[in-house]
Structure formats: C-alpha cells, structure tokens
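As structure tokens, the structure follows; a few thoughts come after it.
The values are calculated or read from the model by the stated rules, or taken from the named source; none is laboratory data. It should be emphasised that the depicted structure is a prediction, and the values quoted were computed from it without experimental measurement. As a convention, Cβ positions derive from the backbone with ideal geometry for all residues, glycine included, and neighbour counts pool all protein chains shown. With ligands, DNA and RNA removed, areas are computed over all heavy atoms of the protein, side chains included. Shrake-Rupley method; radii C 1.70, N 1.55, O 1.52, S 1.80 Å.
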Amino acid sequence: MIDDTFIRLGIFISILAIMIILEQTFPARQLSTKKQAPTKTTRLIGNFGIVFLSGLSARLVLPVGLAGFALYCTEQQWGLFNLIHLPSWLTIVLSLLLLDMLIYWQHRLFHKIPLLWQLHKVHHADSHVDASTGLRFHPLEIVASIFIKAIAVMLLGVPAFAVILFEVLLNGFALFNHANIRLPKKVEAVTRLILMTQILHRIHHSQLFKESNSNYGFSVIWWDRLFGSYSAEATKPDLEIDIGIKEFPDAKDNANLLGLLTMPFKRKR
C-alpha cells in the first residue's frame, strides 16, 4: 500500500495559500456585513472545522486511502484497465476523464436526489463563496463520495498514480473555482472555454433554482456543455448574484461548526 498524504497535503496547502493571498489582494465580492451575518472568524472556523472532520471520516472509512485501494485492486487484477492492458499513458488519461465525468454526475445527483441534497446543501448554504467554501462538505457526503469513487476505481481498475493525480487536480480546481477572485476579463473569456471559472461557478451557487442546477463541473466545463447543464450568464451581474440557500439565511447558528454538522437534519419549509 502507498501513502499519498504528504504529496496531496503539500500541494493542497500551497494552492490554498495562493488562493487566500489572491482573495485578500483582489477580492471579487465582499463578505456580508448584515447584522445577522456570521462573523468572518465564525465562518472560517466552521468551514475549516468541517474540513478536518470530513478528512478524519475519510480516513476512518478507508484507512489506506483511495490510492491504496487502487493499488490493491491492481494487485488483484480487478477492473477493466487491468484486463485490456492499454499503454500506461492512455490508461491514465482515460482514468482521469472517466473519474472527472463520474464526479460531474455525482454532483448532479446530489442536487437531484432529496436525501443526498440534505447533505450537499451544507456546501451551498454558505452565503459567501471563497476558497474555504470549496472545502465545506459534510462528513457524510465525503463518506458517500468515497464509496462512489472506490466502486468506480474497482470496476475500472484505475491505477494508483491516476487516483493521486485526479484527487490533486480535483482539490486544486475546487479551491480555484470557489476562490473569491475574478480573472481579468480577457483571460476569463478564454479560460471559460475549457475550465470552470469563478464567475461560472458563482452562478452554480446562486439562490435561484435554475442557476444552481447548472455548471456542475469542478474542473472542466465540457461535461456541462455535453449534458446540457451549462449556463454562461446569471440573471444578475456577478457582483449582485444572491449566493446561498434561502432557507438558511445569514444566521450565525448555521455558520458555526455545530450548525453545519446538524444542518442535514434540520427540516425547513
């Protein structure tokens, strides 16, 4: 078995640090100053606290990690790519594409299936999207995602290297497109032809149902284009988009760690 923790952690911290510096230097939107809005400290403790608990849950559910599980599947010769013996580079490319498409559909189903949405709404209830929002997922959602990815790794026979590379890219892009920045207009226009930019992903975090059910991709934009969920513009300019979920307004009890952990079990009208 292999331990990819230090590789992923090092890259993750580096990208997170870059995004935070850019957010502080060139913020796209300001944190709400409404009386009922959570303080910056409360929000960040909640967001990063749930990241820690989600990471701990992931290790408890799959101690060897997804890459370790992929290596075990390879040793057992389980999965498609262990049977058809393609060139290594092609296996890695196909693995990355298929895993990315899987995450697109997983994300889409978490919006469509009520039980899964109860978990995923913790991510969307954040009324201010920044890099920390890209990490804000309920531990139960992370556990469900691990099971989904593990099944895909086993059935496809994804090599461990492809798993590590995919998870590094997935985490990096999640931090990038949630970051509270705005690319220069010309750069953004070109980047959005391939990647999910911050402006495109803020549409996905809109309070409007039609807009939040679009732009599901975490990295590339082509799955949304291919499967008809792409939205190029919101009904409001980027600065004016109402972010979050109406049933969970800017209330402090929904931003702290306990509020985030119990949110899936709160029934609102």
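Among the listed residues Ala28, Ala37, which satisfies the condition of being at pLDDT 95 or above and small (Gly, Ala, Ser)? Write out each step before concluding.
Working: Ala37 fails: at pLDDT 95 or above.
Criteria check complete, one pass: Ala28.
Any chance you could count how many residues in region 98-111 are open to solvent by 40 Å² or more (accessible area, probe 1.4 Å), farther than 12 Å from Ala152 by Cβ and touching a residue at least 12 places away in the same chain (Cβ under 8 Å)?
Selection size over region 98-111: 1.
Take the residues in region 77-96 that are open to solvent by 70 Å² or more (accessible area, probe 1.4 Å) and out of contact with any helix residue (DSSP H, G or I) (no Cβ under 6 Å at 6 or more places or on another chain); name whichever of them is modelled with the lowest pLDDT.
His85
Give me the residue from region 172-184 that is surrounded by fewer than 22 Cβ atoms within 10 Å (Cβ to Cβ) and not hydrophobic (A, V, I, L, M, F, W, C) and, out of that set, farthest from Ile11 (Cα to Cα).
Filtering region 172-184 for residues that are surrounded by fewer than 22 Cβ atoms within 10 Å (Cβ to Cβ) and not hydrophobic (A, V, I, L, M, F, W, C), the one farthest from Ile11 (Cα to Cα) comes out as Pro184.
In this structure, is Leu169 surrounded by fewer than 20 Cβ atoms within 10 Å (Cβ to Cβ) and within 12 Å of the chain's Cα centre (by Cα)?
When the stated conditions are applied, Leu169 passes them.
Any residue at all in region 3-17 that's of a type in the set (Phe, Trp, Tyr) and touching an Asp or Glu at 6+ places or on another chain (Cβ under 9 Å)? Write out each step before concluding.
Taking region 3-17 as the starting set, the residues that turn out to be of a type in the set (Phe, Trp, Tyr) are 6, 12.
Filter once more, so that each one left must be touching an Asp or Glu at 6+ places or on another chain (Cβ under 9 Å): none.
Checked region 3-17: no residue is of a type in the set (Phe, Trp, Tyr) and touching an Asp or Glu at 6+ places or on another chain (Cβ under 9 Å).
Kindly establish whether Val51 is touching a residue at least 12 places away in the same chain (Cβ under 8 Å) and in a helix (DSSP H, G or I).
On the way: touching a residue at least 12 places away in the same chain (Cβ under 8 Å): yes; in a helix (DSSP H, G or I): yes.
Yes: the conditions hold for Val51.
I'm trying to understand the selection: among the residues of region 128-166, which are open to solvent by less than 30 Å² (accessible area, probe 1.4 Å), more than 18 Å from Leu53 (Cβ to Cβ) and not in a helix (DSSP H, G or I)?
His128, Val129, Asp130, Gly157, Val158
Within the set of pairs 6 or more residues apart or between chains, which connect a residue that is basic (Lys, Arg) inside region 245-269 to a residue that is modelled with pLDDT of 90 or more with Cβ atoms less than 6 Å apart?
Close Cβ pairs satisfying both conditions: Lys246/Gln207.
Residue-wise test of (1) at pLDDT 95 or above; (2) not polar (S, T, N, Q).
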{"site": "Phe209", "(1), (2)": "no, yes"}
{"site": "Ser212", "(1), (2)": "yes, no"}
{"site": "Phe218", "(1), (2)": "no, yes"}
{"site": "Ser229", "(1), (2)": "yes, no"}
{"site": "Lys236", "(1), (2)": "yes, yes"}
{"site": "Lys246", "(1), (2)": "no, yes"}
{"site": "Ala251", "(1), (2)": "no, yes"}
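Could you please tell me which pairs satisfy a Cβ distance under 7 Å, a separation of 6+ or placement on different chains, a first residue in region 69-97 that is more than 21 Å from Leu170 (Cβ to Cβ) and in a helix (DSSP H, G or I), and a second residue that is open to solvent by 40 Å² or more (accessible area, probe 1.4 Å) and hydroxyl-bearing (Ser, Thr, Tyr)?
Between residues of region 69-97 that are more than 21 Å from Leu170 (Cβ to Cβ) and in a helix (DSSP H, G or I) and residues that are open to solvent by 40 Å² or more (accessible area, probe 1.4 Å) and hydroxyl-bearing (Ser, Thr, Tyr), the close pairs are Asn82/Thr74.
List the helices (runs of 4 or more DSSP H) inside region 197-262, counting only whole elements, that have at least 3 residues being more than 20 Å from Trp117 (Cβ to Cβ) and open to solvent by less than 70 Å² (accessible area, probe 1.4 Å). Don't jump to the end; show me each part of the working.
Numbers: elements: 198-204, 209-212, 222-226, 257-262.
Ranges flagged: 198-204.
Checking the conditions here, which among His123, His107, His111 is closer than 16 Å to Ser145 by Cβ, in contact with an Asp or Glu (Cβ under 8 Å, 6 or more places away or on another chain), assigned to a helix (DSSP H, G or I) and at pLDDT 95 or above? Step through it out loud before you land on a result.
Details: His107 fails: in contact with an Asp or Glu (Cβ under 8 Å, 6 or more places away or on another chain); His111 fails: in contact with an Asp or Glu (Cβ under 8 Å, 6 or more places away or on another chain).
From the options His123, His107, His111, the qualifying one is His123.
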